[in-house]
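Trainee: Next up is a structure, given as structure tokens.
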Amino acid sequence: MATLSAGILLYRDASAGLRVLLGHPGGPFFRNKDQGAWSIPKGLVEPGEAADRAARREFEEELGWPPRGPLQPLGEVVLRSGKRLCAFALRSQEAEEALLARFQPGAFTMEWPPKSGRRAAFPEIDRIAFFSIDEARWKMNPAQAALLDRLNGLPAD
């Protein structure tokens, strides 16, 4: 069975339309990548854990603040790796600047450089930004782009 991850697509209503929050993966492999590299904050669902709880936990671990408010299911997408991603939308009324200022990324360690025997720490996400739907479609992992269409299809509050 494919690995299951869960994540949250945080969005805001702006005068020019919806804006979504994406994170750029940290670590040496993504350092010089931009188009197609950004992602919603996400992570693995632990055995027996509900996907929505995992999405909230991973959001807080990766960004440094707890997501507040009701989650709206966006369904699943399958990433190129074969991993399944169960996504949820979360609407925020807060100003972009206030949300971005709270960013305190979690970290992971890995052997770096490869086969050196040394371990180095890297942020899980090295930066976050808000994008219009069109910008996000260009920036994000192509397998996640369907989430933007699903977000546009959610009923308005």
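The values are calculated or read from the model by the stated rules, or taken from the named source; none is laboratory data. All values derive from a computational prediction rather than experimental measurement. Heads up, the Cβs are rebuilt from the backbone with ideal geometry, glycines too, and the neighbour counts pull from every protein chain shown.
Conditions tested, residue by residue: (1) aliphatic (A, V, I, L, M); (2) within 14 Å of Glu76 (Cα to Cα); (3) touching a Leu at 6+ places or on another chain (Cβ under 8 Å).
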| residue | (1), (2), (3) |
| --- | --- |
| Asp13 | no, no, no |
| Gly17 | no, no, no |
| Leu22 | yes, no, no |
| Trp38 | no, no, yes |
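Trainee: Identify the residue in region 72-118 that is in contact with an Asp or Glu (Cβ under 6 Å, 6 or more places away or on another chain) and modelled with pLDDT under 95 and, among all such residues, is surrounded by the most Cβ atoms within 10 Å (Cβ to Cβ).
Mentor: Looking at the filtered set, the residue picked out is Pro105.
Trainee: In addition: Go through region 129-150 residue by residue and tally those that are assigned to a helix (DSSP H, G or I), over 14 Å from the mean Cα position of the chain (by Cα) and within 11 Å of Arg19 (Cα to Cα).
Mentor: 3
Trainee: Evaluate region 3-14: report whether one residue or more is among the small types (Gly, Ala, Ser), modelled with pLDDT of 90 or more and within 30 Å of Pro113 (Cβ to Cβ).
Mentor: Of all residues in region 3-14, those among the small types (Gly, Ala, Ser) come to 5-7, 14.
Remaining after also requiring modelled with pLDDT of 90 or more: 5-7.
Now narrow it down to the ones that are within 30 Å of Pro113 (Cβ to Cβ): 5, 7.
Yes, there is a match, as at least one residue in region 3-14 is among the small types (Gly, Ala, Ser), modelled with pLDDT of 90 or more and within 30 Å of Pro113 (Cβ to Cβ).
Trainee: Take the conditions within 10 Å of the chain's Cα centre (by Cα) and within 24 Å of Ala98 (Cα to Cα) and apply them to Gly23. Does it pass?
Mentor: Values: within 10 Å of the chain's Cα centre (by Cα): yes; within 24 Å of Ala98 (Cα to Cα): yes.
Answer is yes for this residue.
Trainee: Going through Leu9, Leu22 one at a time, which residue ends up being under 16 Å from Ala87 (Cα atoms), in contact with a Ser or Thr (Cβ under 7 Å, 6 or more places away or on another chain) and either assigned to a strand (DSSP E or B) or without any contact (Cβ under 8 Å) to a residue 12 or more places away in the chain (or both)?
Mentor: Leu22
Trainee: For region 119-128, what are the residues that are in contact with a His (Cβ under 7 Å, 6 or more places away or on another chain) and surrounded by fewer than 17 Cβ atoms within 10 Å (Cβ to Cβ)? Step through it out loud before you land on a result.
Mentor: From region 119-128, those in contact with a His (Cβ under 7 Å, 6 or more places away or on another chain) are 125-127; that's our starting set.
Matches in region 119-128: Asp126, Arg127.
Trainee: Considering only region 57-115, state which residues are β-branched (Val, Ile, Thr) and touching a residue at least 24 places away in the same chain (Cβ under 8 Å). So that I can check it myself, show each step before the final result.
Mentor: Restricting attention to region 57-115, the residues satisfying the condition of being β-branched (Val, Ile, Thr) are 77-78, 109.
Val77, Val78, listed by residue number.
Trainee: Okay, next question. Before we move on, is Gly64 within 25 Å of Pro114 (Cβ to Cβ) and either crowded, with 20+ Cβ neighbours inside 10 Å or in contact with a Lys or Arg (Cβ under 9 Å, 6 or more places away or on another chain) (or both)? If you could, list the steps in order and put the result at the bottom.
Mentor: On the way: within 25 Å of Pro114 (Cβ to Cβ): no; either crowded, with 20+ Cβ neighbours inside 10 Å or in contact with a Lys or Arg (Cβ under 9 Å, 6 or more places away or on another chain) (or both): yes.
No; evaluated as a whole, the condition is false for this residue.
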